[in-house]
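Structure first, then comments.
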Amino acid sequence: MSTYLFELESVRYKYPDGTEALRDINIKILPGKIYSIIGATGSGKSTLLMLLAGLLPPTGGVIRYKGIPMYGYRGVRREVSLMFQDPSLQFICDTVFDEIVYGPRQLGMDVDSSIRRISPLISKLGVESMMNKSPLRLSGGEARRLGIIVALAHDPETILLDEPFNDLSYNYMNALKEVLISLKHGGKNIILTSNRLSDVLDVSDEVILLEGGKIRWSGPIECLLGNMDIISELGLDIPLHIRIMDELGIEWSHSRPPSTEELMNLLKRHIRPR
């Protein structure tokens, strides 16, 4: 078996209208990590996730999952789960409860066992009060929280989340980050997208920067944190606390982003009362 989760070789994708969404994508993705695909709107993030989920065939190149060509891997529907950028496009049931159990039912899984397993997440993301509502009548943040739960309901090995932090309040963003880190520690493979580095900075192990359908840069998060010029060149956000430290000339370890508490301590030591 391949040591890589995904291998993409010279992958291209062109939509029927002629739009070239992805060009010459070459990347190897390791299991057991959180990968963040960062790029501006239209950079190809959503298209790349759909290819990784096996929902779109590449118009050129090869995608392998666990060493097997994606379209020859029979377990992909069970093992790989994708939440769309607009999760409401995936909702087909009358109630939130039915939406959550739809996937497990289709895969022949025990519904009661699935609900028991997923119930801590339902509670953590504040969905327990919505169970009898129509999924099509939820707010943007509610729909996104439900979409995340639906993507996880059948216990997939590989989780693809398109813009999972959009529309979430500060508290739910933090709750989701805790969920993602817990899933990683539980052996799950996670790939998510964002157009804001600050949203994914403290959960990412690896980062892929997309620009115009091509990979501009990829590597460990600590390497990116030591090279903020590339972020500026792509017009992406440099997290505020890192900008503050750079402007004040505060030295810090680039092996991981500092927490808010660590930043406050650094500032207290740096800024002394006159």
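The values are calculated or read from the model by the stated rules, or taken from the named source; none is laboratory data. Keep in mind that this is a model prediction, so the values were computed, not measured. Glycine also receives a Cβ, built like all others from the backbone with ideal geometry; neighbour counts cover every protein chain displayed.
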Sole residue being closer than 19 Å to ASP167 by Cα and either assigned to a loop (DSSP other than H, G, I, E, B) or of a type in the set (S, T, N, Q) (or both), chosen from SER113, SER123, SER119: SER123
Strands (runs of 3 or more DSSP E) completely within region 1-106 that count 2 or more residues being surrounded by fewer than 16 Cβ atoms within 10 Å (Cβ to Cβ) and not aromatic (Phe, Trp, Tyr): 6-14, 20-29, 60-65
Selection within region 24-72 - hydroxyl-bearing (Ser, Thr, Tyr) and either touching a residue at least 24 places away in the same chain (Cβ under 8 Å) or in contact with an Asp or Glu (Cβ under 8 Å, 6 or more places away or on another chain) (or both): TYR35, SER36, THR41, SER43, SER46, THR47, THR59, TYR65
Evaluation of ASN265 against (1) surrounded by 11 or more Cβ atoms within 10 Å (Cβ to Cβ); (2) modelled with pLDDT of 75 or more; (3) closer than 30 Å to GLY212 by Cβ (one fails), failing number: (3)
Residue in region 126-142 that is under 14 Å from the mean Cα position of the chain (by Cα) and modelled with pLDDT of 95 or more present: no
